[in-house]
Amino acid sequence: MDLYEAIKTRKSVRRFQNLPVEESTVNKILGAARLAPSANNSQEWRFVIVRNPETRKALADAASRQDFVAEAPVVIVCCAETEGEVMRNGLLRYPVDVTLAIDHLMLAAAAEGLGTCWVGAFNPGRVKAILDIPKGVEVVAVLPLGYPEYPDPQDKNRLPLDRIVYSESWK
Ligand SMILES: Cc1cc2nc3c(=O)[nH]c(=O)nc-3n(C[C@H](O)[C@H](O)[C@H](O)COP(=O)(O)O)c2cc1C
């Protein structure tokens with residue numbers, strides 16, 4: 001699948017088939033995440049791969065009881081090993097870097113016919129406790145991964161280009 005096709009077909013998936021995802025496929029998409037750019041090539045991203053059904057259920061509970069998290073055969077908990085570095089532009093570095101890796105991962109998953117959904121509504125303390133995540137590691141996203149149950153027929157609801165792009169200055 002070409003890149004634009006993957007970008008167009010990626011959608012948040014919240015219903016998954018009861019089908020396993022091969023370890024080699026998971027590794028392939030993690031390999032795409034690994035190639036993302038990061039500030040100063042710091043590569044703070046870390047991923048915890050969860051297949052255990054009880055752990056998936058605990059993660060779903062910690063994610064505001066979003067049950068679909070547990071229904072996916074794999075949950076990738078996307079983290080940052082960080083000392084909270086701030087870039088010269090004033091932004092925290094790790095959320096930017098890890099988000100880029102996650103986007104690579106989601107697009108690679110789409111190219112493999114897999115569905116993901118970025119889940120940001122979670123209790124970080126609970127997620128850390130469930131996975132024994134140490135101090136100095138932050139949880140950025142919980143990402144269920146699996147083969148989609150239904151292709152979502154809806155078009156992407158996005159602002160038009162002329163609403164989001166300015167030419168030469170903000171005026
Ligand atoms: C930072 C972030 C947090 C999100 N948190 C959740 C969430 O907790 N639960 C959920 O179902 N979807 C969540 N989403 C998915 C968005 O709702 C979804 O990306 C958006 O509606 C656009 O739809 P699409 O991904 O299908 O293009 C999150 C997405 C992002 C980027």
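Taking Lys8 as the residue in question, decide whether it is at pLDDT below 95 and farther than 26 Å from Arg93 by Cβ. Yes, satisfied. Pairing each residue of the stretch 113-129 that is in contact (Cβ under 8 Å) with a residue 12 or more places away in the chain and over 11 Å from Val75 (Cβ atoms) with any residue that is open to solvent by 30 Å² or more (accessible area, probe 1.4 Å) and within 12 Å of the ligand (Cβ to nearest atom), provided the two are 6+ apart or on different chains, yields C-beta distances under 6 Å for Gly115/Pro148; Ala121/Ser64. When Glu112 is tested against (1) within 18 Å of Tyr147 (Cβ to Cβ); (2) within 15 Å of the ligand (Cβ to nearest atom); (3) of a type outside the set (Val, Ile, Thr), just one condition goes unmet, and that condition is (2).
Under the condition of being touching a helix residue (DSSP H, G or I) at 6+ places or on another chain (Cβ under 9 Å), among the β-branched types (Val, Ile, Thr) and open to solvent by 50 Å² or more (accessible area, probe 1.4 Å), the residues counted in the stretch 86-127 number 2. Taking interchain pairs and intrachain pairs at least six residues apart, which have beta carbon atoms under 6 angstrom, with the first residue in the stretch 55-81 and free of Cβ contacts under 8 Å to residues at least 12 places away in the same chain and within 14 Å of the ligand (Cβ to nearest atom) and the second in a helix (DSSP H, G or I) and small (Gly, Ala, Ser)? Every condition considered, the pairs that remain are Ala60/Ala70; Asp67/Ala60. Residues of the stretch 27-85 that are of a type in the set (A, V, I, L, M), within 18 Å of Val13 (Cα to Cα) and not in a strand (DSSP E or B): Ile29, Leu59, Ala60, Ala63, Val69, Ala70, Ala72.
Yes/no per residue for (1) open to solvent by 50 Å² or more (accessible area, probe 1.4 Å); (2) of a type outside the set (Gly, Ala, Ser):
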{"residue": "Thr9", "(1), (2)": "yes, yes"}
{"residue": "Val21", "(1), (2)": "no, yes"}
{"residue": "Thr25", "(1), (2)": "no, yes"}
{"residue": "Ser42", "(1), (2)": "no, no"}
{"residue": "Pro53", "(1), (2)": "yes, yes"}
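If you check Ala33 against the conditions, is it out of contact with any Leu (no Cβ under 8 Å at 6 or more places or on another chain) and open to solvent by less than 70 Å² (accessible area, probe 1.4 Å)? It is false that Ala33 is out of contact with any Leu (no Cβ under 8 Å at 6 or more places or on another chain) and open to solvent by less than 70 Å² (accessible area, probe 1.4 Å).
Listed here are the residues, each with its yes/no results for (1) closer than 25 Å to Ala39 by Cβ; (2) within 12 Å of the ligand (Cβ to nearest atom); (3) in a helix (DSSP H, G or I).
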residue: Asp97; (1), (2), (3): yes, no, yes
residue: Ala101; (1), (2), (3): yes, no, yes
residue: Met106; (1), (2), (3): yes, yes, yes
residue: Phe122; (1), (2), (3): yes, yes, no
residue: Val127; (1), (2), (3): yes, no, yes
residue: Pro134; (1), (2), (3): yes, no, no
residue: Leu145; (1), (2), (3): no, no, no
residue: Asp155; (1), (2), (3): no, yes, no
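The values are calculated or read from the model by the stated rules, or taken from the named source; none is laboratory data. Owing to the predicted nature of the structure, the values given are computational and were not obtained by experimental measurement. Ideal geometry is used to build each Cβ from the backbone, glycine not excepted, and the neighbour counts take in all protein chains shown. Areas reflect the complete protein model, heavy atoms only, side chains present, ligands, DNA and RNA absent. Shrake-Rupley method; radii C 1.70, N 1.55, O 1.52, S 1.80 Å.
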